[in-house]
Every structure is written in structure tokens, then in C-alpha cells.
Amino acid sequence: MQDYQTQQPTVLKILDAHREMPGNLLPILHGIQDTLGYIPPDAVPDIAKALNLSKAEVHGVVSFYHYFRVTPPGKHTIRICRAESCQSMNSKTLETHAKQTLNIDFHETSADGMFSLEPVYCLGNCACSPAITIDNEVFGRVSPEKFDQLLATFKGTE
Amino acid sequence: MTRLFISRDSTALSLGAELVAQTLQRHTAGQNIEIIRNGSRGLFWLEPLIEVETDAGRVAYGPVQPEDVASLLASGLLEGNQHPLYLGDIEALPYFKNQNRLTFARVGITDPVSLDDYLAHDGYRGLKNALALQPADIVKQVTESGLRGRGGAAFPTGIKWNTVLNAPAEQKYIVCNADEGDSGTFSDRMIMEGDPFVLIEGMTIAGLAVGATQGYIYLRIEYPHAKIALNQAIAAAYENGYLGENIQGSGKTFHLEVRSGAGAYVCGEETSLLESLEGKRGLVRFKPPLPAIVGLFGKPTIVNNVISLASIPVILDKGGEYYKNFGLGRSRGTLPIQLAGNIKHGGLFEAAFGVTLRELLYDYGGGSASGRPIRAVQVGGPLGAYMPESQFDTPLDYEAFAAIGAVLGHGGIVVHDDTTSLADMARYAMEFCVEESCGKCTPCRIGSTRGVEVIDRILDNVDKAKNTELLRDLCDTMTCGSLCAMGGMTPYPVLSALNHFPEDFGLQATKA
Ligand SMILES: Cc1cc2nc3c(=O)[nH]c(=O)nc-3n(C[C@H](O)[C@H](O)[C@H](O)COP(=O)(O)O)c2cc1C
Ligand code: SF4
Ligand code: FES
């Protein structure tokens, strides 16, 4: 894990950029996660101080939202839709296949640090279920075979 | 110059539209063509779709894979000639022809982020009319249209706006609920990606109507492409005096900003959404006071769904009366219906209220994707009821659905064939509530956890009769004792599964 000292200037810069914005906590957390990949727990006191909140309040917000993470992600994040429409098109089989192939469970990162796996509840791609995203790219009608091809492609782009 | 259209809609992209566009670009380098990245017509089984503008109108081809591009060009794609993937005029296909596209009139036709295109296709005519009206008269048009909130609760939009109009305050807000958390729904996404200006225009008119100068679009984080399109359109609107100070020289002000959610279903609930916008955990607020009186940062606030707001421009352009003439009973206007799940022709279908499920599933949807019998459909997202075949003749109408214990919600229809276990789906509904409950009240927070356990015991044949009774009791407590519809409506999928498909729970059919 990276040392917070090297990350702190980034966090302070983001805090500064959002100083005047009403309701700025979520935009700040997004800003931090977009740049660092996660929200370092060590950043919480800095955020709390800048927004005049308690550390518990900031922590409460970070932990309430599924999207925010407090550990570094793998190189690519795979999100598999678990909602009803995708279930009706066998997303469960895909989920099992993905976990076996990557040898991890949801919320974990593969041993080579390449892929993190997260559940998601609908990507708005329900007319072409099952759906997944890899980073910001959406894929539809994903069979286990297509999943393997995608893994190979994303590994290849490194 | 020949103009070609390939969609930038997420679903089209999820099927490879980007690569098709790139391949086409490469093959036609140096030729006098322009590739426009439009929204999607919503016929997703035909995506990636290419449309080419010819003297005889637009000609479509699809579904196109990158390897088809060379043969398409060779057989005269640019002239609209025949090819195995030739579809002709998309608008002549029955699926398209039988729609009433009011809200989605431009989606799939224009370049979503081109203001010129928007203006050339009747854009901002609603705003122009609104600028000539008194606020109360704008609200009157909306009331007359009969528009009811498309986000789920179907509350009359005009009444909500009137409340905010009459609430005295120095600052008021317009908040667009773009959280679209329901599974099987994507019409909000499609309009934001395919015609973001119509939402911007709708929100601007809302601002004029009630005297609000600031708007926020609370957008779910799962929609990155919608965020890009919205921000591009907002920037163009600012540059051209359609947002900001002194809109089109009228002296009126309206500012607009997109804010991202962070993956919490409950933040689609309007008060939870406001908490989230204020930078807090998304805990549901007690009502009253209504957000219309005490909303964002304590100020009077309109919270409306994307489709509700995107329906405003056509109402102000053509009049409330015009909009009202579509529909049935108290369900007026049109509903963008989303066909999803195990369906052959999945996509978006905008129609006046009154079309039946059966027509949608078989005439337009073409039956199941698997070719097996359709056994159940869930309408209205994860809190909606499962409907068996015997209810497929129900017309899409808020009251007709309510009368049989179902909900229309956001108009998402998720199809299941006969391989789905409805007991599994009931269990999942409870599990989803466990996962997404905001935790403020006990029936929802604890009830859902117990619900999963009780269903497990039923499925494990442990005291079946007693546990089934217990499940019904539990659902009753959740219905009556929950603060919001998250806990209050989770019983809909659970009880409908139990009542209509008892055999999946290993139970005899009862009267129910
Ligand atoms: C748990 C829960 C989730 C909801 N999710 C959404 C949503 O994603 N989008 C939406 O527009 N409304 C959603 N609603 C309904 C909103 O609370 C609210 O009724 C709606 O935004 C009002 O806008 P409308 O009148 O234009 O429909 C949800 C309600 C509940 C209880
Ligand atoms: S019903 Fe559930 S989501 Fe709604 S307020 Fe209660 S705990 Fe929160
Ligand atoms: S349910 Fe999976 S994308 Fe909507």
C-alpha cells in the first residue's frame, strides 16, 4: 500500500478545489477515489478537518455507499450485475465462472493484482443481459466464453 | 457528403458499436462521409445499427459486426443498397411504427450533444413558450397535461410544482432524480445519453415555473456515458445562453450541475437523495415536511424523475391538452416502456398508456429470448410484483395495476421463462432489501434479514406451514411499519411469488 504522505498533497488539493461547493462531501470522495483508486483511511482526518465534521461522520458516509472503497483496487475493476434481469439470463452461472476463473470472491482482488471483482445492481443494460463493466466499459450478453475473451484482452493491454 | 449514424448509447456500445464505428471510419478514410454518434432507436436486438442518409431517407443495417463493414461497403452501404443486414427504414418496422414517441421524439435521430441539431428538431420551443408565460401559467399547463411522476409513485407533477411555486423562499431548487436504480429500467439512461438537452430544457422550464435558479441532476455512478453526454450538453447550453444568467435575454437565471451518486439503491428515494446531495449518508427523512416545502438545504425543492422532467418540453411546446389526449383513465400521456430480461426483442418502446403486457411481450417483444414459455414478468423494478400469465392482459395503467396488487413503477418489464424459480426470486428480493436498506427503521432493516431466513426454512422443508404463515406476518409488518417503500414494498415481489407460484416453494396452491 502507498504511503499516505505521498497521497496527502492530492487529497488536500481536492479538498481545496471543493471548498466553496455546497454539499461537497460526495464530490470530494469521488475526486479522491478517481485519482487514488480508493479512499485511504488516513485521509479521513484531513477530510473531517476541512469540512468541520467528526471523523466518525466522514467514516459513516464512506462506509454507507457501496461504491467507495478503502483499499487499493486491482488494475481493472470488473463489476458483474446481479439484479433480476441479468439473473433471468443466467448471470449466476457467469458470477460463479468469474469467481472461479479469478479465484476470488466479490470485493477481492486477484493474486496478480490485475482484477478486482465487485457486485453491481443494474447497469441499465438489461435488454442485453447478462451485463458487466470492466472499468468504464460496458459489455452485454456476456457468456462465460465471452468473459474469458474479455479477460485476455484486458490482460493483453497491459 | 454522406452522413452515417452509429449509436453512442451504452447498450449499443456494450455490443460493439465503438469498434464498428472505428472500422467504418478506417474503411472510408478520405471519402466524403461524416459519422454521427447518435442515441439509440431502442431496438436493441438490431444494435450495433448503422443508418445512412440517402435521397430516399434513412436506410438502416443491423446488427452489424466489425467484420461486416467491408461487405456492407462493397454492396453499396453509402447508397442504401441491399445487403443481408439491410433493414430499410427503421421507422417503418412495426416495433417502431406503433409507438407514440413524444418524450423520445429525437432519440436515435439527432446528435445528442449538438445544440444545432436539437434546435433544428424542435428543441427549446417549450422554453420559448415558457419564457412568455407567468410562472403560474407554466404550472397550469403541466397540471392540465395530467402528467404523473414517472419515477414510481405516480404523483401528479402539476400539484408538486404548485406547492413549490407557492412556498415563499429566497432560494428554491430543482433536483432531477437520475438514480434509476430499478433493475430492468434504462429509459432515464437512454434519454440522458440520447437527448440530454430535452432534460436540460425540462429542468430550466421547471426553474422558471417555480422561481428556482439552481438545479442538480443526481446521477447514479453506474452511468458514466450519461454523465459525459450531460456535461457536454450542459456546456453547450451555457455557451449559447440557454443556461446561466439572463437566459436568451429574458433576465431569468438557471444554473445546472451533475452530481454523482455512489451505488446506493435507497438514494433513489427522494429524501434519501437529498441527504446524499447534502453530503450525508442516504438516510430516509420523515415526511412531512415534504421536500416541496423543506427540501435541499432546507429550501423548497422539486424532486422529479428524469422522464417526468424530459416530458415537460413537449407539454410546453404543444400544450397540456395535446399531451393529455394520449393515454387511458387517469394515466395520461405516454410511458417509455423498457422490455428486458429473457425477451427476444428487448428495448425501449414509448406508447400511450393502455397497451397490454401481452401485446408488449409477444407482438413487440417476440416472446422469450430462450424460446421457452414466458412464466412470469416483474414490472416496476425490484419492489414490483411478479405477474403470472393470467395477468398478461392487464393494460398499462396505474390504477389497473394497483387493482391487482401490482405496480407499474418506472415501466421496466423483466421477463422470466419457465426455468426461473420464483422462490429464488422472492428470496433475492429480501436479500436485496437487506443489502440496500438505509437502516433507519426496524421492520425493513431486521425484517428483511429474518425474511431471508424464513424463506430458507420454507425451502428446506422446516415447519413449512408455520413458516409460510410467519413469512406473511413478516410481510405485513414490513408493509405497515416501514418508513419508506423500500421496506414497505419488498413484500410485493415476495407475496406475489408466493401467491401466484406456490409450487416453487413446495406448497399447494391456496386461494390467496
Ligand atoms: C427505495 C426507493 C427507490 C427509488 N428510486 C427511484 C429512482 O431511482 N428514480 C426515481 O425517479 N424515483 C425513485 N424513487 C421514487 C422517488 O422517491 C420519488 O417518488 C420520485 O423521484 C419523484 O419524482 P416523480 O414525481 O417525477 O416520479 C424511489 C423510491 C424509493 C422508495
Ligand atoms: S423502509 Fe428501509 S430504506 Fe426505508 S427508511 Fe426504513 S430502513 Fe430506510
Ligand atoms: S439488471 Fe443487469 S443490467 Fe439491469
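Conditions (1) more than 24 Å from residue B:46 (Cβ to Cβ); (2) in a strand (DSSP E or B); (3) more than 16 Å from ligand 2 (Cβ to nearest atom), marked per residue:
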| site | (1), (2), (3) |
| --- | --- |
| B:335 | no, yes, yes |
| B:339 | no, yes, yes |
| B:360 | no, no, yes |
| B:376 | yes, yes, yes |
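Residue A:57: open to solvent by 10 Å² or more (accessible area, probe 1.4 Å), within 12 Å of ligand 3 (Cβ to nearest atom), within 30 Å of residue B:273 (Cβ to Cβ) and more than 14 Å from the chain's Cα centre (by Cα), yes or no? So that I can check it myself, show each step before the final result.
Working: open to solvent by 10 Å² or more (accessible area, probe 1.4 Å): yes; within 12 Å of ligand 3 (Cβ to nearest atom): no; within 30 Å of residue B:273 (Cβ to Cβ): yes; more than 14 Å from the chain's Cα centre (by Cα): yes.
No: the conditions fail for residue A:57.
Report those helices (runs of 4 or more DSSP H) wholly inside region B:1-108 carrying at least 2 residues which are closer than 28 Å to residue B:323 by Cα. Explain how you work it out, then say what you get.
Numbers: elements: B:10-14, B:17-27, B:69-74, B:94-97.
Passing ranges, in order: B:94-97.
If I go through region A:52-78 residue by residue, how many of them are within 8 Å of chain B (Cβ to nearest Cβ) and under 18 Å from residue B:260 (Cβ atoms)?
Of the residues in that region, 6 qualify.
Quickly run through region A:136-154 and pick out the residues that are open to solvent by 60 Å² or more (accessible area, probe 1.4 Å) and within 18 Å of the chain's Cα centre (by Cα).
A:136, A:137
Residue B:443 - would you say it is closer than 30 Å to residue B:396 by Cβ, away from every other protein chain (no Cβ under 13 Å) and either without any contact (Cβ under 8 Å) to a residue 40 or more places away in the chain or within 16 Å of ligand 1 (Cβ to nearest atom) (or both)?
no
State all residues of region B:273-285 that are more than 8 Å from chain A (Cβ to nearest Cβ), buried (at least 24 other Cβ atoms within 10 Å of the Cβ) and not β-branched (Val, Ile, Thr); if no residue qualifies, say none.
Within region B:273-285, B:273, B:274 qualify.
Could you tell me which of the residues B:474, B:498 is surrounded by 15 or more Cβ atoms within 10 Å (Cβ to Cβ), away from ligand 2 (no atom under 16 Å from the Cβ) and more than 14 Å from chain A (Cβ to nearest Cβ)?
Every option except B:498 fails the conditions.
For region B:379-424, name all the residues that are within 14 Å of chain A (Cβ to nearest Cβ), open to solvent by 10 Å² or more (accessible area, probe 1.4 Å) and in a helix (DSSP H, G or I).
Within region B:379-424, just B:424 meets the criteria.
State whether one or more residues within region B:337-356 are open to solvent by 10 Å² or more (accessible area, probe 1.4 Å), among the acidic types (Asp, Glu) and at negative phi.
no
The values are calculated or read from the model by the stated rules, or taken from the named source; none is laboratory data. In this text the structure is predicted, and so the values were computed from the model without any measurement. Virtual Cβ from ideal backbone geometry, glycine too; neighbours counted across all protein chains shown. For accessibility, only protein heavy atoms count, side chains too; no ligands or nucleic acids. Shrake-Rupley method; radii C 1.70, N 1.55, O 1.52, S 1.80 Å.
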